[in-house]
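Encoded as structure tokens, the structure appears first; notes follow it.
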Amino acid sequence: MVDAAWELSCESHLLAWSLRGLAGRLGVAPSVIYHHVGGKDEVCRRVVERVLTDIDVPEPSDDWEQWFRDLLWGLYPLVTGVPGVAKWTLMHGPTVPSMIPTLARGLGVLKRGGFGDRVSFAYVALLNTAMLTISVGDDRLRHEGDGPRDHASMMEEFDALVTDAEELRDMRDTFMLPFARGGEDAGRMREQAYRAMIDVTIAGLASQLPASG
């Protein structure tokens, strides 16, 4: 049942399918799923647990910046592979067993990094930035099928507002058009944007640390 829910989530979004639709795929009544697993909330929790079990948690390190880059860049393909897992994680927090080792080790790394009583804030800032960025990408994917007409209209409206500002034209050509095209181009831009957001968050947190020496 969890396998079938995982497949439905990969095909659409963790929060897009219904328990009735899952039951139809399995050829059973919804009550069978309730009996063996629970309601949709519990099924979703089990799907998230399955995805996050594969997290490769880096070994403890004194370099908190690189530790979180390794963690969060490694997390990206896992979480984007099942749209909706990021949003579920934002809504529910670290409430599945597979997240606890990551949470404990990450807090320890930040403590050694000098964050003191701001350890929890720093961890939440890093994880929320990662999950929010992925979640926005997941939501865009849900509407990418509406594709050419909506995206063409968006670009026409933007072009009508752009006059002679070279910076705006550059943004249109290098950033907006790949997203509007969808597919592999949009996928590459989503990953680049994700990595940039992680780097910016790390730099912001580092700037708040007291100067050493």
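Values as computed for the structure displayed
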{"quantity": "Cα point-scatterer Debye curve for the range 23-67, base-10 log of I(q)/I(0) at q = 0.15, 0.18, 0.27 Å⁻¹", "calculated": "-0.55, -0.65, -0.96"}
{"quantity": "Unit Cα scatterers, Debye sum, the range 19-140: log10 I(q)/I(0) for q = 0.12, 0.19 Å⁻¹", "calculated": "-0.51, -1.02"}
{"quantity": "Per-pair calculated FRET efficiency, R0 = 22 Å: Asp70 and Ile100 via Cβ, rounded to 0.05", "calculated": "0.70"}
{"quantity": "The range 85-143: Cα Rg divided by the 2.2 N^0.38 Å rule of thumb", "calculated": "1.26"}
{"quantity": "Inter-label distance for Asp63 and His36, nm, one decimal - labels placed 7 Å from Cα along Cα-to-Cβ", "calculated": "4.7 nm"}
{"quantity": "Environment charge at Pro30 (Cβ cut-off 12 Å; Lys +1, Arg +1, Asp -1, Glu -1)", "calculated": "+3"}
{"quantity": "Percent accessible area from carbon and sulfur atoms, the range 1-129, protein chains only, probe 1.4 Å", "calculated": "54 percent"}
{"quantity": "Difference of contour (0.36 nm per residue) and Cα-Cα distance, Ile55 to Glu167", "calculated": "36.4 nm"}
{"quantity": "Computed label-point distance, nm, for sites Ala203 and His92 using a 7 Å Cα→Cβ extension", "calculated": "3.5 nm"}
{"quantity": "Unit Cα scatterers, Debye sum, the range 1-84: log10 I(q)/I(0) for q = 0.14, 0.20 Å⁻¹", "calculated": "-0.54, -0.84"}
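The values are calculated or read from the model by the stated rules, or taken from the named source; none is laboratory data. As the structure is a prediction and not an experimental result, all values here were calculated from the model. Cβ atoms come from the backbone with ideal geometry, glycine included; neighbour counts cover every protein chain shown. With ligands, DNA and RNA removed, areas are computed over all heavy atoms of the protein, side chains included. Shrake-Rupley method; radii C 1.70, N 1.55, O 1.52, S 1.80 Å.
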